[in-house]
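J.: Take a look at the following structure, please.
The values are calculated or read from the model by the stated rules, or taken from the named source; none is laboratory data. This structure is a prediction, so every number in the text was calculated from the model and none was measured. No Cβ is skipped: glycine too gets one built from the backbone with ideal geometry, and neighbour counts run over all protein chains shown. In case anyone asks, the SASA skips ligands and DNA or RNA and just uses the protein heavy atoms, side chains included. Shrake-Rupley method; radii C 1.70, N 1.55, O 1.52, S 1.80 Å.
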Amino acid sequence: MAAIHVMGNFPIQEVLESSCEGFVIAKINGIFVCSCYAPPRWTVERFSHIMDQLTDKLIGRRPVVIAGDFNAWAVEWGSRVTNTRGYVLQEALAKLDVRLCNEGSVSTFRRDGRESIIDITFCSPSLTTNMDWKVSEDYTHSDHQAIRYRIGQRNNGGTRGRMTSERKWKTKAFNKDLFVEALRSDSGTEIVNAVELTRKMVTACDAAMPRKLEPRSNRRPAYWWNEGLSTLRAACLRARRRAQRARTELEKEERNAAFRVARTALKRPSKLASQTATRSCVEKQTPTHGDAYRVMMAKMKGPSTPAEKCPIKLKEIVEGLFPQHDPTTWPPIPYGEEEETNAGYQQVSNEELAEAAKRLPAKKAPVRMEYRTWR
């Protein structure tokens, strides 16, 4: 019921899923593309189950594009109301870091005078730059309109972008058929120089095998890190490698002792540098910028989920969090008549309260309360 048709210079690198009902996933030029179709005859339970399967397949994979006919209505993409399928779809895709790409209120489904927006597109934030999503008015010989858009990853030309192009490939995952097919698909242009030949080979290699991860050295160090700690860390790693390569028991014992000394020499300055930098950040008192703000926001920031905009669902959330209860009429207590008689004995003096407080154990939560019965 769902398919992906590739036309261009980039062949399908990997078919991630084609056996599940209602969707198919393929990797094309490093992007995971998911095509979906959910017929209107499906029950809500069946639709929810399929959406859970789809998100489970795509969790942890980036970047992604999810597009198809979901037969779901929601005010977020231009429908008049949000139906049950719309709620289910939004809740399921909230597990992924994707954004809604539909723009405007042009209908995507038209038949016998009826119109609706049921063809929806989601994609990773890195692919939304200059996307230009729009519903085409060209004739398609179908009751659905064609949807056209461009996707691409942002490249600011910084150090991280240059490192990405210099990464090596995972040769263990080399696919000869994909490599040959990529070279054949790009055989229309004539090779005139070494630069053009290199470009063709790089494109074919990208199609045939994934690249390795970027070096860890590109990661930003901790705000309290310094050059002295880098030297101590290098010495600690060097001592650990020597200990791991020891052959005899005597050599292993000596090198393990040297490694423990180097590790201790690294831990103490690291802890001191962390405490000093934290104290300095607090003293600077820069609540809206600086290292202190960045560190605290990194700890407090939750998962990236789209904000809820449907007024009906927002009303349900507020009513669930703040329910309205009817006034409660409490029954009369059995000793209510005796309260007036013993009203003079219900006063507790400050001396009695202080005496009771002295009997509480120090630095412990009170586990025993004394009450006076007035009966």
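J.: Which trypsin sites (Lys or Arg not before Pro) does region 223-261 hold that lie in a coil by DSSP with at most 13 other beta carbons within 10 Å? Mind dumping the intermediate values first?
T.: Numbers: sites: Arg233, Arg238, Arg240, Arg241, Arg242, Arg245, Arg247, Lys252, Arg255, Arg260; in loops: Arg245, Arg247.
Answer in residue order: Arg245, Arg247.
J.: Calculate the translational D of region 2-51 in whole µm² s⁻¹ from Stokes-Einstein, where the hydrodynamic radius comes from the Kirkwood formula applied to all Cα pairs, the temperature is 20 °C and the viscosity 1.002 mPa s. Don't skip to the end; give the middle numbers.
T.: Values: Rh = 11.9 Å.
Result for D is 180 µm²/s.
J.: Take Arg46, project a point 7 Å from its Cα along the Cβ direction, then tell me which residues of region 81-125 have their backbone nitrogen under 18 Å from it.
T.: 84-86, 88-89
J.: Something else now. Roll a 1.4 angstrom probe over the protein heavy atoms and tell me the percent of accessible area of region 95-135 that is carbon or sulfur. Could you put the intermediate results ahead of the total?
T.: Details: 860 of 2060 Å².
Heavy-atom surface of region 95-135 belonging to carbon and sulfur, 1.4 Å probe: 42 percent.
J.: Okay, next question. How far apart, in nanometres, would the label points at Ser105 and Arg233 be if each is projected 7 angstrom from Cα along the Cα-to-Cβ direction?
T.: 5.5
J.: For region 58-108, what is Rg from Cα atoms divided by 2.2 N^0.38 Å, rounded to two decimals?
T.: Compactness ratio reported: 1.18.
J.: Which FRET efficiency value, to the nearest 0.05, do you get for Ile12 and Ala146 by plugging their Cβ-Cβ distance into 1/(1 + (r/R0)^6) with R0 = 25 Å?
T.: Details: r = 21 Å, r/R0 = 0.85.
Efficiency, rounded to the nearest 0.05: 0.75.
J.: With a point put 7 Å past each Cα toward its Cβ, work out how far Thr171 is from Asn350 in nm, to one decimal.
T.: Distance between the two pseudo-spin positions: 8.7 nm.
J.: Now for a separate question. What translational D, rounded to a whole number of µm²/s, comes out for region 1-105 from Stokes-Einstein when the hydrodynamic radius is the Kirkwood one over Cα pairs, at 37 °C and 0.692 mPa s?
T.: Working: Rh = 14.4 Å.
Translational D for this selection: 228 µm²/s.
J.: If R0 is 25 Å, what FRET efficiency do you get for Lys364 and Thr264 from their C-beta distance, rounded to 0.05?
T.: Once the sixth-power term is evaluated, E becomes 0.10.
J.: Moving to a separate point now. Taking a probe of 1.4 Å, how large is the accessible area per residue of region 1-142, in Å²?
T.: Working: 7170 Å² over 142 residues.
Normalised by residue count, the accessible surface of region 1-142 is 51 Å².
J.: Roll a 1.4 Å probe over the protein heavy atoms and report the accessible area of Asp326 in Å², nearest 10.
T.: 130
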